[in-house]
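Colleague: Please read through the structure below; I'll follow up with questions.
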Amino acid sequence: MSRRFLRLLPLLLSLGAAPSVQATGSLAVVVNARCGVAVMSRNEVINIFFGRYRQFFNGREAQPVDLVDGHPVRGQFYRRLVGKDLADINAYWSRQVFSGRMQALNKVASPDEVMKWVAANPCGIGFIELTKADARFNIVYELAP
């Protein structure tokens, strides 16, 4: 074997051992159907998920939920929504929390838990794969792949 190959072997092995992350289809921002919110603009979604807005346009308090840091759907959501990777998103939230301006969003471990959260909270809002949305939710914004 060549020296060049031997130097690249650890890198190649680490790439092969890395878990593959499959891209999801369309993602949907969903709100509890009882909240009275039927549609949101991209800017409204950004402002809710970045803690800038605490209420929907109808005056009801938004109850957003996020996925845990390592979940691949979380990375796809923020990449599609604002074009930023999770390091940038986490840095933003660290600054906000450290300065005392905001509290971080509640986080759950899986999209199924996002669905439970949104369904259980009168004005819950979260993001899931579009195909998982059911009658408990209003799809207020879609993010295509």
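The values are calculated or read from the model by the stated rules, or taken from the named source; none is laboratory data. Here the structure is a predicted model, which means the values were calculated and not measured. Positions of Cβ are backbone-derived with ideal geometry, glycine not excepted, and every protein chain shown enters the neighbour counts.
Matching residues to (1) modelled with pLDDT under 95; (2) not polar (S, T, N, Q):
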position: Asp69; (1), (2): yes, yes
position: Val73; (1), (2): no, yes
position: Lys84; (1), (2): no, yes
position: Tyr92; (1), (2): no, yes
position: Asn121; (1), (2): no, no
position: Phe127; (1), (2): no, yes
position: Ala133; (1), (2): no, yes
position: Asn138; (1), (2): no, no
position: Leu143; (1), (2): no, yes
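Colleague: Looking for whichever is in a strand (DSSP E or B) and in contact with a helix residue (DSSP H, G or I) (Cβ under 7 Å, 6 or more places away or on another chain) here; the options are Gly126, Gly75. Which one fits?
Modeller: Exactly one residue qualifies, and that residue is Gly126.
Colleague: Report the residue count in segment 40-76 for those that are surrounded by fewer than 12 Cβ atoms within 10 Å (Cβ to Cβ) and either touching a residue at least 60 places away in the same chain (Cβ under 8 Å) or under 20 Å from Lys116 (Cβ atoms) (or both).
Modeller: Count: 4.
Colleague: Which of the residues belonging to segment 82-115 are crowded, with 16+ Cβ neighbours inside 10 Å and in contact with a Leu (Cβ under 9 Å, 6 or more places away or on another chain)?
Modeller: If the condition is that a residue be crowded, with 16+ Cβ neighbours inside 10 Å and in contact with a Leu (Cβ under 9 Å, 6 or more places away or on another chain), then Trp93, Val108, Pro111, Val114 are the ones that fit.
Colleague: Check segment 34-50 and report whether any residue there is closer than 22 Å to Arg74 by Cα, among the charged types (D, E, K, R) and modelled with pLDDT of 95 or more.
Modeller: The answer is yes, given that some residue of segment 34-50 is closer than 22 Å to Arg74 by Cα, among the charged types (D, E, K, R) and modelled with pLDDT of 95 or more.
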